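The values are calculated or read from the model by the stated rules, or taken from the named source; none is laboratory data. Owing to the predicted nature of the structure, the values given are computational and were not obtained by experimental measurement. Virtual Cβ from ideal backbone geometry, glycine too; neighbours counted across all protein chains shown. Quick note on the areas: whole protein, heavy atoms, side chains included, nothing else; ligands and nucleic acids left out. Shrake-Rupley method; radii C 1.70, N 1.55, O 1.52, S 1.80 Å.
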Amino acid sequence: MGRVEQLGFEGMPKRLYACTPTRLSTWLDCPRRYRMTYLDRPPPAKGPPWAHNSLGASVHNALAGWWRLPRARRTVAAAGDLLDQGWIGEGFPDSVQSARYRHWARGLVEAYVTGLDPATEPIGVERTVATRTDLIAVSGRIDRLDDRRGTDGSGELVVVDYKTGRHVLTVDDARTSLPLALYALAAERVMRRPCRRVELHHLPTGRVLAWEHTDESLARQLRRAEDIAAECAAADQQFRAERDGGQAPAVTDGGQADGGQAPALTDAFPPRPGSWCGWCDYRACCPEGSAASEPRRPWDALSTEAVAPSRDGVQADVALAERGAVARTPVPE
C-alpha cells in the first residue's frame, strides 16, 4: 500500500519553523555540521569534550547558583564554593591542569560577584524565553535578565550574557549578536516591557560590552533570523525527502554509513572548511574539515594566562546603540 500524503487545505495556517539562536548560528557556520547536529539519526560520534566548554559551564552554573541562594548567603566566598563544588573536569589532560584552572575560575567568579549587589534580584537566571512571528517560533535561554532601575524610578530590561573565553571581544560582538537580539525581543514580548540593552560580561577581563538596540535594529535582526530559518527549513525538507526516498543513508558511530561507506551528504548541506574545523566536534566525520585543519587538543582553547582577575568589580565599556560610542580598553588574549 502506497504512502498516504496529507492534503493541504486553503487557508490553513503555515507551520512555523521552530528553532533556537544556536540552531540558526550553526547553519551559518557550517550546513554540514548543522545536519550532523540536528538531523542525522543516529548522529555521528563527537570528539572528546572541550576543556574550555567545561570551564565555561562551571562558571555559568556557579553564577546561576549564586543568584538562587538566599540574599544573606550571597557572599564572595559562596560564589567560589559553588564553583569548586560544581567544577567540571572534562577535557583537561590531567588533574593538575584541571586544579589549576579550577582555582583560576574560582577567582573569576569571586571577582565578578564583588561588583554585584546581592540585594538586587534579577528577573530571571537561566531563564527560557520564546516568541513567534508569522514564520518562526524561536526560543532560548538567557544567562541573566536584569531589571535596571534609575533614580527616577524608570527602568529597563537588560539581557546579560556571560563570557569566559580568551577571544578578544568588542562592542561589535554585542551589536551584531543574533542570539542577544532575539533574547531581547523574546524577553520584551514575554515580560511586556521594552528590552533594548544587551550586554556581554567578559569575566577574564572584567569588561562589559554593551549595546542599545532600537526598534529598527531589532527588526533587522528578526528579519535576518527569518531568512536563515527559511534556508534551514528548505534544507530540512530536502533531507527528509531524501531520507524517505532512501537516498540518504543513516550515519552510524564514527560517521560511516551502513555498509562502511562515507555518508552521501546532500547538496543542501555543504561543508564550509577552514582553520576553524580543528575545533569542530565532527571533524573526524568530515573529509573536507579534516583536510582543512590540524586537530586541536581538547585543552587548546584555554586561556594561556590563568591568573587571578582584578577584584575591582566589572568595568563597563558602554556603547549606545546607533549612536557610535566605542569601547577603547584593550583586551589581552
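Using only the Cα atoms of segment 66-164, what do you get for the radius of gyration and for Dmax, in Å?
That works out to 17.1, 54 Å for Rg and Dmax.
Which net charge results for the neighbourhood of Thr22, defined as the other residues with beta-carbon distances under 12 angstrom from its beta-carbon, given Lys and Arg at +1 and Asp and Glu at -1?
Working: positive: Arg23, Arg33, Arg141; negative: Asp29.
It works out to a net charge of +2.
Per residue, what accessible area does segment 26-162 have, given a 1.4 Å probe and all protein chains present, in Å²? Write down the numbers at each step before the final one.
On the way: 6190 Å² over 137 residues.
I get 45 Å² per residue for segment 26-162.
Out of segment 142-225, which trypsin sites (Lys or Arg not before Pro) are coil in DSSP terms and have no more than 10 other C-beta atoms within 10 Å?
Here the sparse-neighbourhood loop sites are Arg192.
If we restrict to alpha carbons, what Rg and Dmax does segment 64-120 come to, in Å?
12.5, 40
About the Cα centre of segment 30-174, how large is the charge dipole given +1 on each Lys and Arg Cβ and -1 on each Asp and Glu Cβ? Please answer in debye to the nearest 20.
Working: 20 positive and 18 negative charges, 103 e Å.
Roughly 500 debye, rounded to the nearest 20.
Tally up the carbon and sulfur contribution to the accessible surface of segment 1-150 as a whole percent, 1.4 Å probe, everything protein left in place. Spell out each step's value before the answer.
On the way: 4250 of 8120 Å².
So the carbon and sulfur contribution to the accessible surface is 52 percent.
For segment 1-145, how big is the tail of P(r) above 23 Å, as a whole percent of Cα pairs?
Working: 6016 of 10440 pairs.
Tail of P(r) above 23 Å: 58 percent of Cα pairs.
Excluding Arg106 itself, what net charge comes from residues whose Cβ is under 12 Å from its Cβ, given Lys and Arg +1 and Asp and Glu -1?
On the way: positive: Arg100, Arg102; negative: Asp81, Asp84, Glu110.
Summing Lys and Arg as +1 and Asp and Glu as -1 gives -1.
If you wrap a convex hull around the Cα atoms of segment 99-216, how much volume per residue is inside, in Å³? Could the numbers behind the result be given before it?
Details: hull volume 15.3 nm³, N = 118.
In segment 99-216, the Cα hull volume divided by residue count equals 130 Å³.
Post the alpha-carbon centroid distance, segment 125-144 to segment 86-111, in whole angstrom.
Centre-to-centre distance over Cα atoms comes out at 31 Å.
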